[in-house]
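Reading through the structure tokens given below for one structure.
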Amino acid sequence: MILDQIINKPKTKVKSKSDAPIRSFVKALSWRVLGTLDTIIISWIISGNFTIAFSIGSFELITKTFLYYFHERLWNNIKWGKADC
């Protein structure tokens, strides 16, 4: 079953389109919200101060959202590992 799919590759080609820039941005934003909550909780545990933890989390939300967005756009231009290579 699974081995058959690996050995006998499907004959139809799957077209791989890159994500639209807005999709990359929304993905970056949703990932950062989750990551920011994690950072705030860890910072709160370490510092014991929620204000400091929230400040750290807020700053990294902004910086890492942009870093992820550009990282995602860069990877959309790399053909390695895409189904239609």
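The values are calculated or read from the model by the stated rules, or taken from the named source; none is laboratory data. Fair warning: this is a prediction, and the values are worked out from it, not measured in the lab. Every residue, glycine among them, receives a Cβ derived from its backbone with ideal geometry; neighbour counts consider all protein chains shown. For accessibility, only protein heavy atoms count, side chains too; no ligands or nucleic acids. Shrake-Rupley method; radii C 1.70, N 1.55, O 1.52, S 1.80 Å.
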Worksheet item: Quick one: what pairs do we get from the range 55-72, first residue farther than 13 Å from Thr36 by Cα, second outside any helix (DSSP H, G or I), C-beta under 9 Å, 6+ apart or different chains?
Response: Glu72/Asp19
Practice prompt. Please verify whether the range 16-28 includes one or more residues that are at negative phi, modelled with pLDDT of 90 or more and not aliphatic (A, V, I, L, M).
Written response: no
Worksheet entry | Considering residues of the range 53-85 that are of a type in the set (A, V, I, L, M) and part of a helix (DSSP H, G or I) only, the residue least open to solvent (accessible area, probe 1.4 Å) | Ala53
Discussion item. So in the range 53-85, with the set limited to residues that are under 13 Å from the mean Cα position of the chain (by Cα) and polar (S, T, N, Q), which one is nearest to Ser30 (Cα to Cα)?
Written reply: Thr65
